[in-house]
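The values are calculated or read from the model by the stated rules, or taken from the named source; none is laboratory data. Just so it is clear, the model here is predicted, and its values are computed rather than measured. So basically every Cβ, Gly included, is an ideal-geometry build from the backbone, and we count neighbours across all protein chains shown. For accessibility, only protein heavy atoms count, side chains too; no ligands or nucleic acids. Shrake-Rupley method; radii C 1.70, N 1.55, O 1.52, S 1.80 Å.
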Amino acid sequence: MGPRRRTISRSCTSTASDLTKPRISPRQNVKDYEGIIRAAKGSVKAKQLAAQLIPRFFKFFPSLSSQAVEAHFDLCEEEELGIRVQAIRGLPLFCKDTPEYVSKIVDILGQLLTAEENVERDAVHKALLSLLRQDVKASLTALFKHIESTDEANTDESIREKVLNFIRDKVFPIKAELLKPQEQMERHITELVKKSLQDVTGAEFKMFMDFLKSLSLFGDNAPPERVQELIEIIEGQADLDAQFNVSDGDHIDRLISCLYMALPFFMRGASNSKFLNYINKHIIPVFDKLPEERKLDLLKNLAESSPYTTPQDSRQLLPSTVQLLKKYMPMRKAGEEMNFTYVECLLYTFHHLASKTPNATNSLCGYKIVTGQPSDRLGEDFSENFKDFTERLSNVEDLARATMKKLTQGMAEHNKAMAAAKTDEAKANIKVKKQNTTTGLRTCNNILAMTQPLHSKSPSFIGDKKINLSWKEAAKPSVPSTTVPAGGKRTATATNGSGAPATKKGRGEGVQNQLVNRALEGLSRGGRSGGRGRGWGGRGRGRGYR
């Protein structure tokens, strides 16, 4: 005998009497059916028989519908496993000739997904799939009600998690079969997903976004307004209307992760204006206060977004970009450390923004680019800005060349070590070092390719994505970041995720956007923490789609 089932909630959908429509009943004996209903409280064999007969003859006795349904639900909570399984298998039969019961039965089956016995859980899955095939719209709507609720007092997290897993594992894979007519049903499930994003974990949000991307509605041939719809969903989850607080780690996690998820849609023509304006207004002014790994993720995502920025947004973002670039391109006499990966990101962003609004660099960097517009400001003297900027560029180039020399020597040492290595573990460690060294060389090469055109009074800006960002080649192991004292020496054994050598400062480079991977870990960790609900990096409430 299995453990007694927990009580099923029967109040979240319409009652049976509310749903019943008048039907013409054959002349069956009402007393006989009442006897079948009473059998649900009899012996084990009587209950098994009732579990078979109550749904079989249900349609003929509309006047007894409430009693019949309640009695059958009681059978779904019986201690005897065989009775529960028989009752669960019979639930879809209530809807065969009375489809108005689909929502109520699906709601009950959703609660029964928490069954511990495999045979019982399998029966629930089959019953749900049967009803989904009968009425996909009503069934999905009923299932999603277990997910979308943000009322913690009335939401059972174990049920919510099981329903999510069922939708992910059983419904999404057969969407082509279930979502018919296609456009109508894809739109319906999109709206259900939107409602469910009020309070989700990072993993849940990614799951839903991956599903939406797989729909024909948002496919490769979708019109721009539909691609923009996905961006607006991501913007809502990033909470770009909120006042930014640098101590709110959950918001920072979501913001950066959402920006990363939005990148493919920028490539398809969706606007990145709202993201970039928020970053420019709220994040860059407090950039120094961000944790190192978040700084890196932000700069990488900003770099990858920059080719898709409008001229207007570029003009607004360029001053803060130049300010950061100068901060991380030290003067030779300053003796400051330099983070190579930061500089690569910022130079790439600078080139793409400047290519959209070149004369904005005249006042920022002392250039003399003529467009014929008053914003050229050619009559003003910005020669000190030009001197400062180009001296920093020269120092960066010297550091990059010195580092490349060290990395090349280090690669030769790695090759010798690999030939002498005796164990698989030793070979694997050396392989990691070689990969990081290779990426470090790419980082330095990229920096040189981007600094050299900037020495002219009228420079050319790389705005055609010819530069292949160092981390885009392949995922790299997580190791300390690229830092070096200006004019100083470094070893080639400690490398960062972009391959350039590192000192102890500036940790957190590693595999691109590890923050996203951490935030989007598996659903098995789901559930709410006390007080604030589901979150991303922590477990705070995920301020979702509005």
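Can you give the FRET efficiency to the nearest 0.05 for Asp381 and Lys327, using r as the Cβ-Cβ distance and R₀ = 25 Å? Could you put the intermediate results ahead of the total?
Values: r = 24 Å, r/R0 = 0.95.
Working from the Cβ atoms, E equals 0.60.
Given H placed 1.01 Å from N in the peptide plane, which residues other than close sequence neighbours of Met338 have an amide H under 5 Å from its amide H?
Those qualifying (amide H under 5 Å, at least 5 residues apart or on another chain) are Val484, Ala486.
Suppose R0 equals 35 Å; then what is the FRET efficiency for Asp248 and Asp464 from their Cβ-Cβ distance, rounded to the nearest 0.05? Show your work: numbers first, answer last.
On the way: r = 37 Å, r/R0 = 1.07.
Here the calculated transfer efficiency is 0.40.
Using only the Cα atoms, what convex hull volume per residue in Å³ does segment 409-454 have?
46 Å³
Quick one: dipole size for segment 310-468, taken about the Cα centre, charges +1 on Lys/Arg Cβ and -1 on Asp/Glu Cβ, in debye to the nearest 20.
Values: 23 positive and 16 negative charges, 122 e Å.
Dipole of segment 310-468, to the nearest 20 debye: 580 debye.
Please give the per residue accessible area of segment 310-468, computed with a probe of 1.4 Å over protein heavy atoms only, in Å².
On the way: 7410 Å² over 159 residues.
Result: 47 Å² per residue.
Taking R0 as 22 Å, what's the FRET efficiency between Gln373 and Asn277 from their Cβ-Cβ distance, rounded to 0.05?
Result of the calculation: an efficiency of 0.45.
Specify which residue in the list Ala417, Leu448, Pro459 is farthest towards the positive end of the charge dipole of segment 310-468, using unit charges on the beta carbon of Lys, Arg (+1) and Asp, Glu (-1), about the Cα centre.
Ala417
Normalise the Cα radius of gyration of segment 310-468 by 2.2 N^0.38 Å (N = residues in it) and let me know the number. Intermediate results must be reported in sequence, preceding the final value.
Details: Rg = 19.1 Å, N = 159, 2.2 N^0.38 = 15.1 Å.
Taking the Cα Rg and dividing by 2.2 N^0.38 Å, one obtains 1.27.
Order these peptides, 185-191, 109-115, by their mean beta-carbon neighbour count within 10 angstrom, highest first.
109-115, 185-191
Quick one: with all protein chains in place, what share of the accessible area of segment 310-468 is carbon or sulfur, to the nearest percent (1.4 Å probe)? Show your work: numbers first, answer last.
Values: 3810 of 7410 Å².
It is 51 percent, rounded to a whole number.
Two decimals is fine: what is log10 I(q)/I(0) at q = 0.14, 0.18 Å⁻¹ for segment 32-191, from a Debye sum with one equal scatterer on every Cα and no solvent?
The Cα Debye sum returns log10 ratios of -0.71, -1.09.
Let me understand segment 268-346 better: what is its radius of gyration from the alpha carbons, and its Dmax, in angstrom?
13.1, 45
If the viscosity is 1.306 mPa s and the temperature 10 °C, what Stokes-Einstein diffusion coefficient in µm²/s follows for segment 151-280 when Rh is the Kirkwood radius over Cα pairs?
Values: Rh = 16.0 Å.
Value of D from the Cα-based Kirkwood radius: 99 µm²/s.
By average Cβ neighbour count within 10 Å, what is the ranking of 68-80, 362-374, 437-449 from highest down? Let's see the in-between values first.
Numbers: 68-80: 20.0, 362-374: 16.0, 437-449: 22.4.
Listed from highest to lowest mean packing, they are 437-449, 68-80, 362-374.
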